[in-house]
Amino acid sequence: MKSRFHFYVCILILSLQAPTFADLWQTVEPTNSDHQGSTSVSAKKTPQKHQESNYQKAQILKLDEQQMRLRLAASGAKSSQAKALRTSNDNHASVSIPAPLSDGTIIELSLVPETTLSAHLASKFPNIDTYRVLPNNLIFGGKVDMTSKGFHAMLQTIEGDLVFIDPIDGQLGIYATYRKSEQYQDSYRQFSC
């Protein structure tokens with residue numbers, strides 16, 4: 001009985017200290033919006049250059065990057081034990097994180113650390129962490145990474161669409177989440193043989 005009490009007290013303390021899934025992502029109002037549903041946010045790409053980023057039907061959010069990095073660190077991506085797990089297909093070393101979809105829904109993703117860089121490049125760029133997204137009832141799979149430039153995700157939905165989460169302003173932690181199918185294609189970007 002006493003151990004059960006201690007267990008519940010620990011859970012209560014952890015729940016009060018740890019941010020919830022919704023606390024990591026906060027909605028941001030766009031700077032302007034035209035009549036066609038395009039969202040425009042001023043994006044600072046480099047200190048000297050400002051650029052406008054246009055997305056159609058995108059959600060603009062602010063990420064608590066420090067808390068996201070702590071949550072991802074729980075996977076042990078840098079440990080030798082995690083490296084051994086990455087070479088096998090053991091799904092037990094996963095970590096759960098929140099991820100926003102383009103409709104504003106926050107879903108839970110289970111990630112497994114994955115090596116995409118060679119050992120030489122991984123030692124040269126130690127701040128790049130990559131993860132494989134495990135399937136759930138909404139997401140078929142995908143890739144997530146955390147770099148010095150911020151959080152990036154590419155998720156394939158069960159319906160076959162791609163959802164992207166991209167940084168707009170890395171210094172402020174501002175992100176856009178959008179569906180590929182809802183973005184227009186400029187004529188200069190169209191592919192032809």
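Okay, here's what the table says:
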quantity: Number of positions in segment 152-173 that are open to solvent by 10 Å² or more (accessible area, probe 1.4 Å) and part of a loop (DSSP other than H, G, I, E, B); calculated: 7
quantity: Hits in segment 105-125 (condition: touching a residue at least 12 places away in the same chain (Cβ under 8 Å) and open to solvent by less than 70 Å² (accessible area, probe 1.4 Å)); calculated: Ile106, Ile107, Leu109, Ser110, Leu111, Val112, Pro113, Glu114, Leu117
quantity: Search result, residues across segment 105-125 that are of a type outside the set (A, V, I, L, M), part of a strand (DSSP E or B) and more than 19 Å from Glu65 (Cβ to Cβ); calculated: Ser110
quantity: Lys149 modelled with pLDDT of 90 or more, open to solvent by 40 Å² or more (accessible area, probe 1.4 Å), out of contact with any His (no Cβ under 7 Å at 6 or more places or on another chain) and within 18 Å of Arg69 (Cβ to Cβ); calculated: yes
quantity: Which numbered condition Ser102 fails, given (1) among the polar types (S, T, N, Q); (2) crowded, with 19+ Cβ neighbours inside 10 Å; (3) out of contact with any Asp or Glu (no Cβ under 6 Å at 6 or more places or on another chain); (4) not in a loop (DSSP other than H, G, I, E, B); calculated: (4)
quantity: Hits in segment 101-123 - residues which are modelled with pLDDT under 90 and within 13 Å of the chain's Cα centre (by Cα); calculated: Ser102
quantity: Which listed residue is in contact with a Phe, Trp or Tyr (Cβ under 9 Å, 6 or more places away or on another chain), among the basic types (Lys, Arg) and open to solvent by less than 80 Å² (accessible area, probe 1.4 Å), from Arg179, Arg132; calculated: Arg179
quantity: Qualifying residue in segment 126-137 (condition: at negative phi, touching a residue at least 40 places away in the same chain (Cβ under 8 Å) and in a strand (DSSP E or B)); calculated: yes
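The values are calculated or read from the model by the stated rules, or taken from the named source; none is laboratory data. These numbers were taken from a predicted model, which means no experiment stands behind them. In this analysis, Cβ positions are derived from the backbone assuming ideal geometry, glycine residues included, and neighbour counts consider all displayed protein chains. What goes into the accessible areas is simple: the full protein's heavy atoms, side chains included, and nothing from ligands, DNA or RNA. Shrake-Rupley method; radii C 1.70, N 1.55, O 1.52, S 1.80 Å.
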